[in-house]
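The values are calculated or read from the model by the stated rules, or taken from the named source; none is laboratory data. Quantities reported herein were computed from a predicted structural model and do not represent experimental measurements. Cβ placement follows ideal geometry from the backbone for every residue including glycine, while neighbour counts extend to all protein chains displayed. We work out accessible area using only protein heavy atoms, side chains counted, and drop any ligands, DNA or RNA first. Shrake-Rupley method; radii C 1.70, N 1.55, O 1.52, S 1.80 Å.
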Amino acid sequence: MKTLVFRLTLLFQLLAPFSFAQRNAGLKALLNKNSEFIFPQTPDKVSTALGVKTVFYEDANDQPYAKWVTKSGMELYSPLGEDKNINEIFFVIPEDIVIEVEGLPFNLVMNRTTSKQSALKFRREKIRRENLGEDTMFPKGTKLSFKKGKRIITLMFDSKSLLKSLSITTDFIDASVN
């Protein structure tokens, strides 16, 4: 019996780092001293900071985009302006990835920061709160959005109130847009 307990204890100790794994987004070079994303950026700078290749593609409206899939599984994407610069950026973690990703703008952590924590953190801003419907990216989740300087910050949380999406844009975006 003692050997079974010992083996189980050893097994759980070995598995613990993987089940609660946390990764850094690797964005430090792209953030200012207040942990805010610096605009404009270029796809090359983002690619270098993340250590991954840029994937270029066009959406259904022939709008050019750049996309990066980090080693942690988090995805970043951005529409490209006429000058190919980045003036808006989106950070998304797929539902099936349970890893926590820290080092995001505003010191947020994907899969750990909650909507309550965010509302408290940004309480000085005029926060718009919206419950997400079944036809949205995160059914039964929550969307918080507010203006910070010239940018609109949108945080989307899943039904468990965990941060799954962060966008920094120049205009408000409808929750049903994927």
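Descriptive notes on the structure:
- Matching strands (runs of 3 or more DSSP E) fully within region 17-81 where at least 3 residues are surrounded by 15 or more Cβ atoms within 10 Å (Cβ to Cβ) and free of Cβ contacts under 8 Å to residues at least 60 places away in the same chain: 64-69, 75-79
- Within region 87-178, strands (runs of 3 or more DSSP E) holding 3 or more residues that are open to solvent by 30 Å² or more (accessible area, probe 1.4 Å): 128-131
- Any chance L163 is modelled with pLDDT of 95 or more and under 21 Å from S78 (Cβ atoms): yes
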